[in-house]
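Please see the structure below; I have some questions.
The values are calculated or read from the model by the stated rules, or taken from the named source; none is laboratory data. None of the values given here were measured: they were computed from a predicted structure. Backbone-built Cβ (ideal geometry, glycine too); neighbour counts: all protein chains shown. The protein model used for the area step is the full one, side chains on, heavy atoms only, and it has no ligands, DNA or RNA in it. Shrake-Rupley method; radii C 1.70, N 1.55, O 1.52, S 1.80 Å.
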Amino acid sequence: MSASFISETWAQLNRDADPHLVHQAFNDITTAYSGAGRHYHNLQHIAQLLTLHQQYAQQLQDPETVLFAIFFHDIVYNVLQSDNEEKSADAAVEYLQRIHYPSEKTTAVKEFIVATKTHVNDWQNTDLDYFLDFDLQILGTAPDAYLAYTRQIRQEYSIYPDLVYHPGRKKVLHHFLEMPAIFRTHAFQQQYETAARQNIQAELDSL
């Protein structure tokens, strides 16, 4: 996926905002997602979510709010911290307030980003269902793609030895398996649910 796709999507999303603020924010976004420790949560991840957004745009009530959530949801990513989602949400709110984005939509973006911490939708918002499914789509991909993803995640957590990483990773994987459904939308359940459970079980068996 080309970098131009990401930049063009950002430019179109912010077409009515102050160009200086738009450019500055995009530089901040690309710098953050291009960090040395970003092996999975990088610009390729953003591009994949933007592609899914494009595919399912007709199902979304407010596509722009979902786009802002995509761009900002992992802007802060530090494996040593547990408040990445909250800090990412704060970064989104700061930018959206500067461009005078409607306050109720700004609140929605914030809540969407924070929801990626648990992947629980307390808002009963169908757009949030799709956003969370976009973020987890990697779980239901082909086994080789899933394996590449697990290796990238392990690289991001390379500071931790297996003795620490494996129990933590198992906890995350069991969390997904214990959900009534990993994916929240009917479309994603049909397409990815079975494969996701098989991939997760295979990873658990390897740890």
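For GLN12 and ALA142, what does the FRET efficiency come to when R0 = 30 Å and r is the distance between their Cβ atoms, rounded to the nearest 0.05? Each step should come with its number before you reach the end.
Details: r = 31 Å, r/R0 = 1.03.
Approximately 0.45, to the nearest 0.05.
From the list (i) 10.1; (ii) 11.2; (iii) 12.9, can you say which value of mean projected area of the Cα convex hull in nm² was derived from the structure given?
Computed from these coordinates, mean projected area of the Cα convex hull in nm² corresponds to label (ii).
Show me 47-54, 21-28, 131-138 ranked by packing, highest mean number of other Cβ atoms within 10 Å first.
Working: 47-54: 17.9, 21-28: 15.1, 131-138: 22.0.
The densest-packed peptide leads the list: 131-138, 47-54, 21-28.
How big is the dipole moment of region 41-140 about its Cα centre under a simple scheme where the beta carbon of each Lys and Arg is +1, that of each Asp and Glu is -1, and everything else is neutral? Debye, nearest 20, please. Provide the component values of the computation, followed by the final result.
On the way: 5 positive and 15 negative charges, 46 e Å.
The calculated dipole for region 41-140 is roughly 220 debye.
What are the ³J(HN,Hα) values, in whole Hz, obtained from phi via the Karplus relation 6.51 cos²θ - 1.76 cosθ + 1.60 with θ = phi - 60°, for each residue of region 56-72 in sequence order, with x given for Gly and Pro?
10, 4, 5, 8, 8, 6, 9, x, 5, 4, 5, 4, 4, 5, 4, 4, 9
Which value, in Å², gives the accessible area per residue of the chain when a 1.4 Å probe is used on the protein heavy atoms?
Working: 10680 Å² over 207 residues.
In whole numbers, the chain has 52 Å² accessible per residue.
If you fit an axis through the alpha-carbon atoms of helix 103-115 and take the longest principal axis of the Cα set of the chain, what angle between them do you get, 0 to 90°, nearest 10?
20 degrees
Same structure again: Which order do peptides 86-94, 116-124 fall in by mean Cβ count within 10 Å, highest first? If you can, show how the numbers build up before the last one.
Details: 86-94: 18.7, 116-124: 13.4.
Answer by packing, highest mean first, reads 86-94, 116-124.
State the extension gain, in nm to one decimal, for the chain segment bounded by THR126 and PHE176, taking 0.36 nm per residue of separation less the distance between their alpha-carbons. Mind showing how you got there, number by number?
Details: separation 50, 0.36 × 50 = 18.00 nm, distance 1.97 nm.
Working it through step by step, the gained length comes to 16.0 nm.
Further question: Efficiency by 1/(1 + (r/R0)^6): what FRET value for SER82 and SER34, r their Cβ-Cβ distance, R0 = 22 Å, to the nearest 0.05? Don't jump to the answer; show the numbers that get you there.
On the way: r = 23 Å, r/R0 = 1.06.
The formula returns an efficiency of 0.40 here.
Let me ask you something else. Using a 1.4 angstrom probe on heavy atoms only, work out the carbon and sulfur share of the accessible area of the chain in %. Walk me through the numbers before you get to the answer.
Working: 5520 of 10680 Å².
So the carbon and sulfur contribution to the accessible surface is 52 percent.
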